[in-house]
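The values are calculated or read from the model by the stated rules, or taken from the named source; none is laboratory data. Since we're looking at a predicted model, the values are computed, not measured. All Cβ positions, glycine included, derive from the backbone under ideal geometry; neighbour counts span all protein chains shown. Accessible surface areas use protein heavy atoms only, side chains included; no ligands, DNA or RNA. Shrake-Rupley method; radii C 1.70, N 1.55, O 1.52, S 1.80 Å.
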Amino acid sequence: MIELRGVNKHYGKLHVLQDIELTVGRGEVVVVIGPSGSGKSTLCRAINRLETVESGTIELDGKPLPEEGRALAQLRADVGMVFQAFNLFAHKTVLDNLMLAPMKVRKKKKDEAARRARELLERVGLADQADKYPAQLSGGQQQRVAIARALAMDPKALLFDEPTSALDPEMINEVLEVMRQLARDGMTMVVVTHEMGFARSAANRVVFMDDGRIVEDRTPEEFFTAPRSERAKDFLSKIL
Ligand code: ADP
Ligand code: MG
């Protein structure tokens, strides 16, 4: 579903993505971990073309990422992104947050968009919050709305960039549980997270990044029981 070949990017002298090779199959869940500044967010943003790259190819569903225009808007709809900050429209109700883009980008009729929005709110356990505004919800609820909003576009894949890092501890699990359910339902997902329990239980593969490179790309079992690189060992010893 997602394929990166020989991808490179610099910020000035900083080589932030170095010869990245990554394949994410349909229905696969790939967890990306690594120290702060290792290039995890840049990788996600490149897949969604929020960032351009200098060399290499990135394909989604067998096609190169579009450069601009309508095709680019379509790509952003096909590859949903959920950020650390929930990025909901503050002056719109929860229901409207879920209906706007499907009507605008997918050209859905209002009735159909509303029906689908309610179905998705049900799925993330927020059916009774449709008419509230984001500020009236907890952080965990807002992040579940953000996930439902991404799903409202019927994406081919979802990218998560530290989706629980801004949450109070007691709210982390309700968000991870929604993500686990998505994984079980076969959604293709790239998840940047420090939640190692999630990585162990939900990931097909763990990708460890350091200094802009993919240092390891293995099953969670292999990675957590016997990391090969010193850098991964060092990283795990600090966070586990
Ligand atoms: P991570 O998500 O793993 O913490 P990032 O992908 O955000 O890492 O950043 C990788 C490196 O690129 C960091 O050193 C960061 O400071 C730098 N960086 C990120 N975005 C920019 C930018 N827009 N301009 C310059 N440097 C950036
Ligand atoms: Mg980051």
request  = Normalise the Cα radius of gyration of the stretch 11-153 by 2.2 N^0.38 Å (N = residues in it) and let me know the number.
outcome  = 1.17
task = Would you please give the residues with an amide H less than 5 Å from that of G34, counting only those at least 5 places away or on a separate chain, with H modeled from the backbone geometry?
result = M209
note = Length-normalised contact order of the stretch 199-240, Cα under 8 Å, at least 6 apart, in percent, tallies to 30
note = Of every hundred units of 1.4 Å-probe accessible area on the stretch 92-233, the number belonging to carbon and sulfur atoms, as a percent, is 46
note = Here the Cα Rg-to-2.2 N^0.38 Å ratio for the chain is 1.01
remark   = Comparing V192, V105, V32 in a Gaussian network model of the chain (Cα, 10 Å), the one with the largest mean-square fluctuation is V105
message = At 15 angstrom or more along the helix axis (alpha-carbon based) and mean Kyte-Doolittle of 0.0 or higher, what helices does the chain contain? Whole DSSP H runs only.
response = 94-104
remark   = In the chain the DSSP beta bridges are antiparallel at a rate, in percent to nearest 5, of 55
message = Let me check against my output: what whole-number percent is the relative contact order of the chain, with C-alpha pairs under 8 Å and at least 6 apart?
response = 28
inquiry  = Counting only helical runs of four or more DSSP H residues, what would the 222 nm mean residue ellipticity of the chain come to if each run contributes -39,500 (n - 2.57) and the total is spread over all its residues?
reply    = -12000 deg cm²/dmol
query = Whose amide H sits under 5 Å from the amide H of F86, counting only residues 5 or more places off or on another chain, with H placed in the peptide plane?
reply = none
request  = Take every Cα-Cα pair in the stretch 9-70 and report what % of them are more than 17 Å apart.
outcome  = 44
request  = Please list, in chain and number order, the residues 5+ apart from E28 or on another chain whose amide H is under 5 Å from its amide H, with Hs placed from the backbone.
outcome  = M189
task = Mind checking which lysines have their Cα closer than 18 Å to the Cα of K132? Skip sequence neighbours fewer than 8 apart in that chain.
result = K92
remark   = Note to self: C-alpha centroids of the stretch 122-149 and the stretch 66-83 sit apart, in Å, by 23
Computed over the stretch 45-122, Cα set: Rg, Dmax in Å = 14.7, 44
Neighbour-limited loop hits for trypsin sites (Lys or Arg not before Pro), the stretch 1-59 (at most 16 other Cβ within 10 Å; DSSP other than H, G, I, E, B) = K13, R26
task = For the stretch 123-213, count the residues as N, evaluate 2.2 N^0.38 Å, and divide the Cα radius of gyration by that value, please.
result = 1.12
